[in-house]
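Peer 1: Let me begin by handing over the structure; questions about it come next.
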Amino acid sequence: MKTRITELLGIRYPIIQGGMVQISTPELAAAVSNAGGLGQLTCTTGKKDTQQLRENIAKTRELTDKPFAVNVPLIMHDAEKFIEVALAEKVDVITTSAGNPAKFTAYIKKHGVKVCHVVPSVKLGKKAEAAGVDFIVAEGFEAGGHNAYDDVTTMTLIPQITAAVDLPVVAAGGIADARGFVAAFVLGAEGVQMGTRFIMSKECLAHEKFKEAIAMATDTGTVITGRMFGPTRVLKNKLSADILSWENQCMPTEKILELIGSGRSENALVKGDVEEGSAMCGQIAGLINSVATVQEIIESIAGQALSVLEQSKQLLGR
């Protein structure tokens, strides 16, 4: 497969693994890169400090000689420190999110590192392009984890943003198989990013109870919590029900955050508490009911894409 994304990143398939809190580990990132996609670490995995990131980059390099990325949410107060580590370790790509990329893009590119920014809207896509990023990940509201305040879906976002910018666009949110992959390209994207699909891989170190909960999920199995202070898509469970109840009672944000406390995502994703933990995953969870290797996932999507296109031709009578 050849798109501007594969050529820019030096990868075989235009498939990127999302940067997921707590579980974007070296094992998963390396497996995705070795299978022909772009694996991605995040500075929100493990101890969430610069030394942990340095160690994760080193371990990833032990497991693959292929390109991989590091995701840095710019909303973090010490984001610059993580960017400095990624640059010092000479990673291939830095993906920024949740903030203004203009602050760091030129500096990162001066070091010869490619820059991507994750955006939820056309307006922010244009700003990312103006900031000089190399490509954009356009993420729809279906995506798991932290979301934007506007409910813009992947289906509506991708054709609008690809019409508005000249940069290569990667579609994210609600993609887990060859049908979603092909749909993204028909809408104008030149690659896809997947998170939930890669959680359900053998190389992902997420807790088995979390994977079981995703396998049991339905199309209505997720919900957005924190609409007033930080929309987050999670599996429906006791914690999400409690948060929604507190929000419906118009409880002050500070009080809700106090009741939620810290460590909830680690509790669900790593420790397996899928009732009291923040079980972040996308709406596409209802489509995923089995665990496979990363290579099987990527090769299945790439291998079935042509078949999906052929079926579409038949529907058109061609």
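Peer 1: Among SER262, SER97, SER290, determine the one that fluctuates most according to a GNM of the chain built with springs between C-alpha atoms less than 10 Å apart.
Peer 2: SER262
Peer 1: List the lysines whose Cα lies under 19 Å from the Cα of LYS123, skipping any in the same chain that are fewer than 8 positions away.
Peer 2: Excluding near neighbours in sequence, the set is LYS103.
Peer 1: Now, a different point. Using helices alone, I'd like the mean residue ellipticity at 222 nm for the chain: each DSSP H run of four-plus residues gives -39500 (n - 2.57), total over residue count, nearest 500. Don't skip to the end; give the middle numbers.
Peer 2: On the way: 14 runs with 135 residues, N = 318.
Using -39500 (n - 2.57) per qualifying helix, the result is -12500 deg cm²/dmol.
Peer 1: Test of understanding: what is the full-extension gain from ALA130 to ARG4, defined as 0.36 nm times their sequence separation minus their Cα-Cα distance?
Peer 2: The span from ALA130 to ARG4 would gain 43.5 nm if fully extended.
Peer 1: Here's something else I'd like to know. Could you work out how much longer the chain between ARG179 and ALA164 gets when fully extended? Use 0.36 nm per residue separation minus the Cα distance between them, nm to one decimal.
Peer 2: Working it through step by step, the gained length comes to 3.0 nm.
Peer 1: Treat the count of other C-beta atoms within 10 Å as a stand-in for reagent exposure and order ASP242, ASP177 from fewest to most. Present the calculation step by step, with values, prior to reporting the outcome.
Peer 2: Numbers: ASP242 15, ASP177 19.
The fewest-first ordering by Cβ neighbours comes to ASP242, ASP177.
Peer 1: Still on this structure, I have one more. So for LYS127, LYS66, LYS2, fewest C-beta neighbours within 10 Å to most, what's the order?
Peer 2: Fewest to most other Cβ atoms nearby, the residues stand as LYS2, LYS127, LYS66.
Peer 1: At 7 Å along the Cα-to-beta-carbon direction for both GLU296 and THR220, put a label point, then send me their distance in nm to one decimal.
Peer 2: Calculated label separation equals 3.1 nm.
Peer 1: Relative contact order for the chain using alpha-carbon pairs under 8 Å, separation at least 6, rounded to a whole percent?
Peer 2: 16
Peer 1: Using a simple charge model, +1 on the beta-carbon of Lys and Arg, -1 on the beta-carbon of Asp and Glu, nothing else, what dipole does the chain show about its Cα centre, in debye to the nearest 20?
Peer 2: That gives the chain a dipole magnitude of about 540 debye.
Peer 1: Zone of GLN311 (label point 7 Å along Cα→Cβ, backbone N under 16 Å): which residues in the range 143-180?
Peer 2: Zone members listed by number: 175-180.
Peer 1: Then there is this: On full extension of the chain, what length is gained from ALA102 through GLU84, given 0.36 nm per residue of separation minus the C-alpha to C-alpha distance? All intermediate terms of the calculation are to be shown ahead of the outcome.
Peer 2: Values: separation 18, 0.36 × 18 = 6.48 nm, distance 1.59 nm.
Result for the pair: 4.9 nm of gain on full extension.
Peer 1: Tell me which DSSP H helices of the chain clear both cut-offs, 27 Å or more of axial length from alpha-carbon atoms and a mean Kyte-Doolittle hydropathy of at least -0.5.
Peer 2: Helices passing the filter in the chain: 294-315.
Peer 1: Let me ask something additional. What is the dipole size for the range 208-284, taken about its Cα centre, with +1 at each Lys and Arg Cβ and -1 at each Asp and Glu Cβ, in debye to the nearest 20?
Peer 2: On the way: 9 positive and 11 negative charges, 28 e Å.
The calculated dipole for the range 208-284 is roughly 140 debye.
Peer 1: With a/c under 1.5 counting as rounded, go ahead and sort the chain into rounded, prolate or oblate using the C-alpha gyration tensor (a ≥ b ≥ c being the square roots of the eigenvalues; past the cut-off, prolate if a/b is larger than b/c, else oblate).
Peer 2: Because its axes are fairly even, with a/c under 1.5, the chain counts as rounded.
Peer 1: Lys/Arg Cβ at +1, Asp/Glu Cβ at -1, dipole of the chain taken about the Cα centre: which of PHE141, THR96, MET76 is farthest positive-ward?
Peer 2: THR96
Peer 1: Please name which of THR253, PHE185, THR154 has its Cα lying farthest along the dipole of the chain towards the positive end, using unit charges on Cβ (Lys, Arg +1; Asp, Glu -1) and the Cα centre as origin.
Peer 2: So the residue we want is PHE185.
Here, each number is a calculation from the coordinates, and none is a lab measurement. Here the structure is a predicted model, which means the values were calculated and not measured. Glycine also receives a Cβ, built like all others from the backbone with ideal geometry; neighbour counts cover every protein chain displayed.
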